[in-house]
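Since the structure comes first, as structure tokens, the remarks are kept for the end.
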Amino acid sequence: MHPTRARFARKTAVATASGVAVTAGTFLVVGFSPRWVVVAIAQTVLLALPDAVLAAGIQGLGSTSQPLLVAGSAGLAVALFAGLAAIADRIGRVGDRQRAEVVFLAGALQGLAVFLLSVAPVAAVVGGAFGAAVVGLAGPPPPGDVDRVRRGVVRSAGVAAAAVGLAGAGPLARAIGGGTTGSEQREPVERDPLVERLLDTATERSFDLSGAEPLVSESFYVVDKNAADPRVNPQTWSLRLTGAVDEEVEVDLDAVESRPAAHRFVTLRCVGDKLNGRKLDTAVWTGIPVADLLKEAGVQPDGCCVMVRAADDYYQEFPLSALKDGFLAYRMNGRRLPRGHGAPVRALIPGHWGRST
């Protein structure tokens with residue numbers, strides 16, 4: 001390869017490896033959460049898209065829309081951090097800077113970008129350190145020495161591969177070691193016998209039809225507006241009723257669970273499901289009626305509407321009459337709600353779409 005082309009290939013490879021390392025390094029710290037830079041970029045894309053385009057994407061692509069969005073956002077993240085590494089290298093060459101200054105500048109620019117995207121200080125430091133390590137280990141661009149160019153690229157690729165490996169090993173190690181989330185730690189050893197009887201009855205009464213789900217769905221659909229659902233700590237979760245009420249009410253998860261529990265068979269359908277679609281499932285939900293909380297708060301009778309806001313800032317407005325049969329569910333088929341279904345508590349409002357955590 002011609003030395004000029006080799007140097008260009010080296011710069012491109014090192015910058016790309018640096019971008020991969022930053023992206024993987026931030027995942028190592030925050031995991032697949034809203035604070036990962038890829039998810040932050042995905043959320044920005046979702047906010048920028050017109051509602052009509054977003055709805056068409058969900059309806060046309062279905063469950064594949066979210067993975068495609070995340071994959072595309074990962075590519076944008078790598079390109080962004082690679083570009084910052086290239087800018088640092090360019091500044092260094094134009095200003096005749098020492099190599100250490102170039103490495104520091106690359107890490108600083110990348111770390112700042114991580115912080116601005118995710119507001120996660122630790123992830124910013126770790127991501128910037130990984131990106132700087134790739135640039136540093138590549139060494140200065142050797143003039144005309146193709147072998148040294150190749151060795152530098154290999155070292156850079158090695159650091160990027162190590163970052164990807166560490167990022168993937170973190171969740172795997174937690175799974176092997178029996179690591180649990182906050183909601184899983186609260187899971188009781190024994191399930192409610194009443195729920196078990198309800199599930200058994202539903203199984204007995206299900207139709208034996210090939211390809212048809214039983215009365216209680218074995219695989220409940222998940223469609224979300226988020227690239228990644230928020231991680232809500234059950235220990236700190238609370239629900240507040242404010243506004244046009246006689247007395248503000250606030251309950252935490254223990255207060256909700258200490259009330260007499262109700263069990264309801266509720267069928268949900270995705271708002272974007274097409275005619276004769278498959279996103280229609282049923283579960284046994286355990287929780288408390290919303291009406292009980294409204295009564296305690298003393299909702300004023302002339303109030304027309306209720307605004308429900310979730311941990312991810314999703315909100316929905318309901319007429320007061322819709323909450324008459326509203327339900328706050330904290331279990332699904334006798335188990336804690338999964339993260340994808342609004343853990344630790346979700347609102348079920350008949351006749352209205354959307355969920356709330």
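The values are calculated or read from the model by the stated rules, or taken from the named source; none is laboratory data. Here the structure is a predicted model, which is why all the values come from computation and not from measurement. Ideal geometry is used to build each Cβ from the backbone, glycine not excepted, and the neighbour counts take in all protein chains shown. Note: accessible area is taken over every heavy atom of the protein model, side chains too, but ligands, DNA and RNA are not part of it. Shrake-Rupley method; radii C 1.70, N 1.55, O 1.52, S 1.80 Å.
Looking at (1) of a type in the set (D, E, K, R); (2) farther than 19 Å from HIS352 by Cβ; (3) surrounded by 13 or more Cβ atoms within 10 Å (Cβ to Cβ); (4) modelled with pLDDT under 90, which one does ARG331 not meet, given that it meets all the others?
Result: ARG331 fails condition (4) only.
From the list ASP312, ASP273, ASP281, which residue is open to solvent by less than 20 Å² (accessible area, probe 1.4 Å) and under 29 Å from ALA227 (Cβ atoms)?
ASP281
Report, by residue number, each residue of segment 171-214 that is open to solvent by 60 Å² or more (accessible area, probe 1.4 Å), at positive phi and at pLDDT below 50.
Across segment 171-214, there are no qualifying residues.
With the requirement that a residue be assigned to a loop (DSSP other than H, G, I, E, B) and out of contact with any strand residue (DSSP E or B) (no Cβ under 6 Å at 6 or more places or on another chain), what does segment 246-261 give you?
ASP246, GLU247, GLU248, SER258, PRO260
Is it the case that some residue within segment 140-156 is modelled with pLDDT under 75, assigned to a helix (DSSP H, G or I), touching a helix residue (DSSP H, G or I) at 6+ places or on another chain (Cβ under 9 Å) and under 26 Å from ILE41 (Cα atoms)?
yes
Return the residues of segment 284-295 that are open to solvent by 20 Å² or more (accessible area, probe 1.4 Å) and part of a strand (DSSP E or B); say none if nothing qualifies.
PRO289
Quick one: how many residues across segment 238-261 are within 23 Å of LEU198 (Cβ to Cβ) and touching a residue at least 12 places away in the same chain (Cβ under 8 Å)?
Total meeting the criteria: 6.
For segment 2-9, does any single residue satisfy the condition of being modelled with pLDDT under 85, open to solvent by 30 Å² or more (accessible area, probe 1.4 Å) and not in a helix (DSSP H, G or I)?
Yes, segment 2-9 contains a residue that is modelled with pLDDT under 85, open to solvent by 30 Å² or more (accessible area, probe 1.4 Å) and not in a helix (DSSP H, G or I).
Give all pairs with beta carbons closer than 6 Å in which a residue from segment 262-279 that is part of a loop (DSSP other than H, G, I, E, B) meets a residue that is exposed (fewer than 13 other Cβ atoms within 10 Å of the Cβ); count only pairs at least 6 apart in sequence or on separate chains.
Close Cβ pairs satisfying both conditions: VAL271/TRP353.
Mind checking which pairs have a first residue in segment 69-91 that is free of Cβ contacts under 8 Å to residues at least 12 places away in the same chain and on the phi < 0 side of the Ramachandran plot and a second that is surrounded by 18 or more Cβ atoms within 10 Å (Cβ to Cβ) and outside any helix (DSSP H, G or I), Cβ under 7 Å, 6 or more apart or different chains?
That search, which allows pairs on different chains as well, returns nothing.
If SER65 satisfies all but one of (1) surrounded by fewer than 23 Cβ atoms within 10 Å (Cβ to Cβ); (2) touching a Gly at 6+ places or on another chain (Cβ under 7 Å); (3) farther than 26 Å from VAL154 by Cβ; (4) at pLDDT 85 or above, what's the number of the condition it fails?
Unmet condition: (4).
Could you grab me the full set of residues in segment 90-110 that are of a type in the set (Val, Ile, Thr) and open to solvent by 40 Å² or more (accessible area, probe 1.4 Å)?
We begin by selecting, within segment 90-110, every residue of a type in the set (Val, Ile, Thr); these are 91, 94, 102-103.
Residues satisfying the conditions are ILE91, VAL94.
Is there any pair with a first residue in segment 311-326 that is free of Cβ contacts under 8 Å to residues at least 60 places away in the same chain and a second that is basic (Lys, Arg) and in a loop (DSSP other than H, G, I, E, B) whose Cβ atoms are under 9 Å apart and which are 6 or more apart or on different chains, and what are they?
Short answer, once both residue conditions are applied: GLN316/ARG355.
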